[in-house]
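> Structure in structure tokens, see below.
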Amino acid sequence: MIERHLLKLRARDIVSPEEEQAIRDSIGEVRSLSADEIIVHAGRLMTFSVMLLDGLMCRYKDLSDGQRQITELHVAGDFADLHSFTLKRLDHSVMTLTPCRVALVPHEKLEQITERYPHLTRLYWFTTNMDAAIHREWEVSLGRRTALSRIATLFCEIKIRLEIVGLTDGLSYDFDLTQTDLAECVGLTPIHVNRTLKELRERGLVQFKSGRVTIHDWDGLARVAEFDPAYLYLEKWRT
Amino acid sequence: MARYYLHINNGGGYSEDLEGQELPDLDAARAAAIEGVRSMLSEEARQGQLDLSGKIEIADDGGNILLVVPFCDAVELRRSE
């Protein structure tokens, strides 16, 4: 059940059998959610963190006029809100973008991990730092990149993140988002996204169709994106 | 709510909207078109050129064009005399 989570962690560090068991023991309820379901409401007291087992979720914030900014996407194997363990009431919400299966990890279980497994605790600290690195990369996109480069960056990032958890097929992967979802990730409108996807397709770089991304030219796409995967901390090192 | 398809026709060619958006009515679809045009034009302005000759075609599920929104409807241009 937590195999993708373990793949994500083990791409960066060693997880001992005892630590793996501690993670397994921390899993509480498992829930199946439909698309567009809110699992974490901003401002509500959290007593558990959400581990994504299958599907795609996002962190987001809304403005009063209905505009939404997605601030990070989550793929299978991610904790969507490990930081709610220390923050308790979050400043953002978390929702599903596709049908999802999630495991709820009670905060009291996470507290036991922090008391008994210092290395695993550091590894989880590392993963929240990695979330912060992803947020920084998105800030750069939203503030400085062109529309073409923003979407190219997103497709590159998700390819790498899904590859780590075994969810790519070469250079293509399932990515069942609407153009509206994409627009909310990259700070554009659905029309602008549509126009930009056309340009990426016509340049022979990538196709996004029927909920699937197919990259035709990885080097070209990475060049348009100025994509440097350093912010995904792919090297294995011991925390 | 109904599904509206916002096809783009401008200097970059024709971009068909295969997915569409669920919107309350045609007014909301027009507003989405205007917002989309402004988003594209803002990117063009950053690169120093504005092409206002395009249009958005708003179609329904049956492919009927309900409304055409010229890009120039999305902005008010002012310049000093």
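> Scan region A:161-198 for residues that are on the phi > 0 side of the Ramachandran plot and in contact with a Pro (Cβ under 7 Å, 6 or more places away or on another chain) and report the count. Don't jump to the end; show me each part of the working.
Of all residues in region A:161-198, those on the phi > 0 side of the Ramachandran plot come to A:166, A:170, A:187.
Okay, now just the ones that are also in contact with a Pro (Cβ under 7 Å, 6 or more places away or on another chain), so none.
Residues meeting the conditions: 0.
So that you can scan it fast, the table gives a plain yes or no per residue for (1) under 27 Å from B:Ala33 (Cα atoms); (2) crowded, with 19+ Cβ neighbours inside 10 Å; (3) more than 13 Å from chain B (Cβ to nearest Cβ):
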site	(1), (2), (3)
A:Gly143	yes, no, no
A:Ala152	yes, yes, yes
A:Ile158	no, yes, yes
A:Glu163	no, no, yes
A:Tyr173	no, yes, yes
A:Gly187	yes, no, no
A:Glu199	yes, no, no
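Rundown of residues vs (1) surrounded by fewer than 20 Cβ atoms within 10 Å (Cβ to Cβ); (2) more than 7 Å from chain A (Cβ to nearest Cβ); (3) not in a helix (DSSP H, G or I), yes/no style:
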| site | (1), (2), (3) |
| --- | --- |
| B:Tyr4 | no, yes, yes |
| B:Ala28 | yes, yes, no |
| B:Gly36 | no, no, no |
| B:Ala45 | yes, yes, no |
| B:Gly48 | yes, yes, yes |
| B:Asp51 | yes, yes, yes |
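> Is there a residue in region A:226-236 that is more than 30 Å from A:Leu9 (Cβ to Cβ) and crowded, with 17+ Cβ neighbours inside 10 Å?
Kept after step one, since they are more than 30 Å from A:Leu9 (Cβ to Cβ), are these residues of region A:226-236: none.
Scanning region A:226-236, I find no residue that is more than 30 Å from A:Leu9 (Cβ to Cβ) and crowded, with 17+ Cβ neighbours inside 10 Å, so the answer is no.
> Further question: If you scan region A:19-67, which residues turn out to be touching a residue at least 60 places away in the same chain (Cβ under 8 Å), surrounded by fewer than 18 Cβ atoms within 10 Å (Cβ to Cβ) and among the β-branched types (Val, Ile, Thr)?
Once the filter is applied, which keeps residues that are touching a residue at least 60 places away in the same chain (Cβ under 8 Å), surrounded by fewer than 18 Cβ atoms within 10 Å (Cβ to Cβ) and among the β-branched types (Val, Ile, Thr), region A:19-67 yields A:Ile27, A:Val30, A:Thr47.
> State the number of residues belonging to region A:64-91 that are under 18 Å from A:Trp138 (Cα atoms) and modelled with pLDDT of 95 or more. I'd like the intermediate steps shown before the answer.
So in region A:64-91, the residues under 18 Å from A:Trp138 (Cα atoms) come out as A:67-75, A:78, A:80-81, A:91.
Then drop every residue that is not modelled with pLDDT of 95 or more, which leaves A:68-75, A:78, A:80-81, A:91.
Number satisfying all stated conditions: 12.
> Of all the strands (runs of 3 or more DSSP E) wholly in region A:1-71, which have at least 1 residues that are at positive phi? Break it down stepwise before answering.
Numbers: elements: A:30-33, A:38-40, A:48-54, A:57-62.
Answer list for region A:1-71: none.
> Also, quick follow-up: Only one of (1) farther than 19 Å from A:Asp217 by Cα; (2) free of Cβ contacts under 8 Å to residues at least 12 places away in the same chain fails for A:Thr168. Which number is that?
So A:Thr168 meets the others, but not (1).
> Tell me yes or no: at least one residue of region A:33-45 is farther than 25 Å from A:Thr121 by Cα, touching a strand residue (DSSP E or B) at 6+ places or on another chain (Cβ under 6 Å) and among the acidic types (Asp, Glu).
Yes, that holds for at least one residue.
The values are calculated or read from the model by the stated rules, or taken from the named source; none is laboratory data. Model, not experiment: these values are computed from the prediction. Reconstructed Cβ throughout: ideal geometry from the backbone, glycine too, with neighbour counts over all protein chains shown.
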